[in-house]
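S.K.: The structure that follows is given in the form of structure tokens.
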Amino acid sequence: MMYWRLLDCLSAKSQSLSLATIKDNALVAAVGANKDVEVRKLLEDNANAASNTPFFGEPLATAASSGSLPMVDLLLTYWDWETFEHLAGLRLMNAIEVAASTGHNCVLVKLLNYKDRIARSTYDDAVIRMTRSSHAASVELLLDCRRADLTLAAKKEFWFRLLRTAAECNQQALLQAILPNAQSDIGEASLVTAMDDACLENHGQTFKIIMSHLSITDPTPYADSLFWAARYNDIDVMKRILSFLQHDKRALLLALAGAASARASEAVLFLLGVAGISLIIEDVPKRFTDIARLLLPNAFNYVATQPAEPPSLSTYVEKLRAATKAGSLSDVITVSQSMKAHHPTDSLVRISSAFSDAAKAKRLDVLVFLCENWTPHLVTSCVKSPAVAQIFMNFGWDIRETDQGSRYPRLGSFVHDEHFCRWLLVKGASADARAEFDVTAVSVAVCRASVSTIRLLLERSSGGTQHGQLLHFAMQRLGEDSLEVVELLLNLGCPVDSIWFQNDERSWLEWGQGEAGTALFSAAEQGRDDIVAYLLSRDADATIVSNRDRSALDVAESKQRSRVVQLLTR
């Protein structure tokens, strides 16, 4: 009777669903209605307790949300750990997350008994999501239950990621709880990055918590924090850093670069006052070069002389690069003035390396000076922090564009860093932007970014999964979460049977010269048994042939993928 009631709720199009899918939907509906007799009947009739249904969600998460421990026990009794092991662990983690967020502690404790069946990446992603959702108490519980990392590198990666998320989201209590232990695992350089995240989001108190654990006295690591504090005119943060660094002139210049980038006259006035220079607000210079002139007057007092043989341009470039790498704005100014006097032609190609050096080393004051006094040379690969990106944007760099010779938009270069990527989206980056070919930042992300970054970009995408050849790029993804990404894309409507780039003529001319087939074809060729089985369970058509007239079975046989051949010939 349950099946027919469910069928009445489905559209005419949905009635083409397989009986197994209908059973799974009915199971979730019965769980939600707390009909334990119906649930047991469906489970005995091979409904999948570990399913993810297109209409009603997941059975276990539904039971967890209601706090029904008997229902959770019943579902776990029939749990399928074998068919798609990673996805079964994902469903369990989703239920844990629901139980934690709804405060059903008995259910949570029960589910955590199975935590070792959950992939590490899945568990860690949930911890990060809950941190972002401000469930600090639940996060601490999950951290207590978290398995030990297999390597020191893995341990550092997780705690660094958690620390940055807590800093970005202003989770002060969580930071105070985890910092004493995490500090020794991740090192001071990672703490500085988290501090930069706090300053970028203008979280002054969070900044103070992190800085209290730092002992570095070199101004360079504080460059981004000084830049953002000055840009936001956060006098308290600027005072704290400058006092800690004993009012180092390099620190002042880094902060002034941030203030000048936002035309923050009050911040400039404060910083000049720290340097002993008194002005009224109306007289505050707008350009950083003019501000630097007040602090470094001797550097600007260059008198051009004409030696018998002036140094070559190459010699000047070497000197300029050396001064840039050393972070000596005074020397950069002196060399730059002398260079322009003896070689007045703006040789951008020759000095472009100095721009790259300044950007990569986060010599923000030097970078702003170079941009103001030479033709800016803005290379995406040199953008290593949001502060550098902000300076580049101030001088014409557009995150929505594509660099010459690149196959994907600039945002694709930053998908490895979710925090940076999130900020760039706020600054106007588009998840849907494409270059000459049908490749977007989401395409790059599904190939090699974290699942959380993929979800972020898909949430910000207006084109959804219909562009960017997403399922095909997912076939290039390696790691235990590959199947999770494939499921995510299919659940969002990504076409399962499209042929690589066939729906985009320009891209097809460039990319379709090799053998191009469906995602099932690629998975069969690679011998990825789990993905082949999953695509078949999602009704992938195994009869579709590649542009060389070969089917998935043909390529599996030619590559001697015996397990794939078995799956395709069932």
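A short reminder: the numbers here are calculations on the coordinates, not readings from a lab. Since this is a predicted model, take the numbers as computed values, not measurements. When we count neighbours, we look across all protein chains shown, and the Cβ atoms used for this are built from the backbone with ideal geometry, even at glycine.
S.K.: Under 5 Å between amide hydrogens, which residues at least 5 positions from PHE395 or on another chain qualify, with H placed 1.01 Å from N in the peptide plane?
M.R.: Distant-sequence amide H within range of PHE395: zero hits.
S.K.: Once amide H atoms are placed 1.01 Å from N in the peptide plane, what residues at a sequence separation of 5 or more from ARG550, or on another chain, have their amide H within under 5 Å of its amide H?
M.R.: Under 5 Å from the amide H of ARG550: no residue qualifies.
S.K.: Alpha carbons only, please: Rg and Dmax for the chain, in angstrom.
M.R.: Rg then Dmax for the chain, in Å: 28.7, 101.
S.K.: Along the three principal axes, how long is the stretch 313-394 when you take its alpha carbons, biggest first, rounded to the nearest angstrom?
M.R.: 35, 22, 17 Å, listed from the longest principal axis down.
S.K.: If you plug each phi of the stretch 561-570 into the Karplus form 6.51 cos²θ - 1.76 cosθ + 1.60 with θ = phi - 60°, what whole-Hz ³J(HN,Hα) values come out, in order, with x for Gly and Pro?
M.R.: Rounded to whole hertz, the list is 8, 4, 5, 5, 4, 4, 5, 7, 10, 5.
S.K.: Among all helices in the chain defined by DSSP H, which have a length of 15 Å or more along the axis from Cα atoms plus a Kyte-Doolittle mean of at least -0.5?
M.R.: 19-32, 85-102, 152-168, 172-186, 188-200, 249-261, 313-326, 329-342, 348-360
S.K.: Please identify which residues in the stretch 524-552 have an amide N closer than 12 Å to a label point set 7 Å out from the Cα of GLN502, following the Cα→Cβ vector.
M.R.: 541-552
S.K.: Note down the magnitude of the dipole of the stretch 313-394 about its Cα centre, charges +1 on Lys and Arg C-beta and -1 on Asp and Glu C-beta and zero elsewhere, to the nearest 20 debye. Write down the numbers at each step before the final one.
M.R.: Values: 9 positive and 6 negative charges, 45 e Å.
Magnitude of the dipole: close to 220 debye.
S.K.: A follow-up question, please. Positive end of the dipole of the chain, charges at C-beta (+1 Lys, Arg; -1 Asp, Glu), about the Cα centre: which of VAL72, LEU108, GLY327 has its Cα farthest in that direction?
M.R.: GLY327
S.K.: Apply 1/(1 + (r/R0)^6) to the Cβ-Cβ distance of ASN46 and GLU510, taking R0 = 45 Å, and write down the FRET efficiency to the nearest 0.05.
M.R.: Working from the Cβ atoms, E equals 0.45.
S.K.: Which stretch or stretches of the stretch 272-296 have amide N atoms under 15 Å from the point lying 7 Å from ARG263's Cα along the Cα→Cβ direction?
M.R.: What the label zone holds, given the 15 Å backbone N cut-off, is 282-288.
S.K.: What nm value, rounded to one decimal, do you get for the distance between ASN170 and ASP149 when each label is placed 7 Å out toward the C-beta?
M.R.: Modelled inter-label distance: 2.9 nm.
S.K.: If you don't mind, another one. What FRET efficiency do you get for THR315 and VAL274 if R0 is 41 Å and r is their Cβ-Cβ distance, rounded to the nearest 0.05? Intermediate values should be presented prior to the final figure.
M.R.: Numbers: r = 36 Å, r/R0 = 0.89.
Once the sixth-power term is evaluated, E becomes 0.65.
S.K.: So what is the 222 nm mean residue ellipticity for the chain from helices alone, if each DSSP H run of at least 4 adds -39500 (n - 2.57) and you divide by all residues, rounding to the nearest 500 deg cm²/dmol?
M.R.: Roughly -17500 deg cm²/dmol at 222 nm, from the helical runs in the chain.
S.K.: For the stretch 351-461, compute Rg over Rh where Rg is the Cα radius of gyration and Rh is the Kirkwood radius from the inverse mean 1/r over Cα pairs.
M.R.: My calculation puts Rg/Rh at 0.99.
S.K.: In the stretch 356-407, if the dipole is taken from +1 on Lys/Arg beta carbons and -1 on Asp/Glu beta carbons about the Cα centre, which of ILE391, VAL368, THR380 is farthest to the positive end?
M.R.: Comparing the listed Cα positions along the dipole, THR380 ranks first.
S.K.: Counting GluC sites (Glu not before Pro) as exposed when in a DSSP loop with at most 15 other beta carbons within 10 Å, what is the longest stretch of the chain free of them?
M.R.: The segment 83-400 is the longest one with no such site.
S.K.: Before anything else, pin down the relative contact order of the chain: Cα pairs under 8 Å, at least 6 apart, normalised by residue count, whole percent. Kindly include the intermediate steps, with their values, before the conclusion.
M.R.: Numbers: 788 pairs, mean separation 36.5, N = 570.
Across the chain, relative contact order equals 6 percent.
S.K.: Amide H neighbours of THR53 under 5 Å, counting only residues 5+ apart in sequence or on other chains, H built in-plane at 1.01 Å?
M.R.: Residues meeting the criterion, in which the H sits 1.01 Å from N, are GLU58.
S.K.: Nothing charged except the Cβ atoms of Lys and Arg (+1) and of Asp and Glu (-1): what's the magnitude of the dipole of the chain about its Cα centre? Round to the nearest 20 debye. If you can, show how the numbers build up before the last one.
M.R.: On the way: 57 positive and 67 negative charges, 182 e Å.
Roughly 880 debye, rounded to the nearest 20.
S.K.: For the stretch 313-394, what's the relative contact order in percent, using C-alpha pairs closer than 8 Å and at least 6 residues apart?
M.R.: Relative CO of the stretch 313-394 lands at 29 percent.
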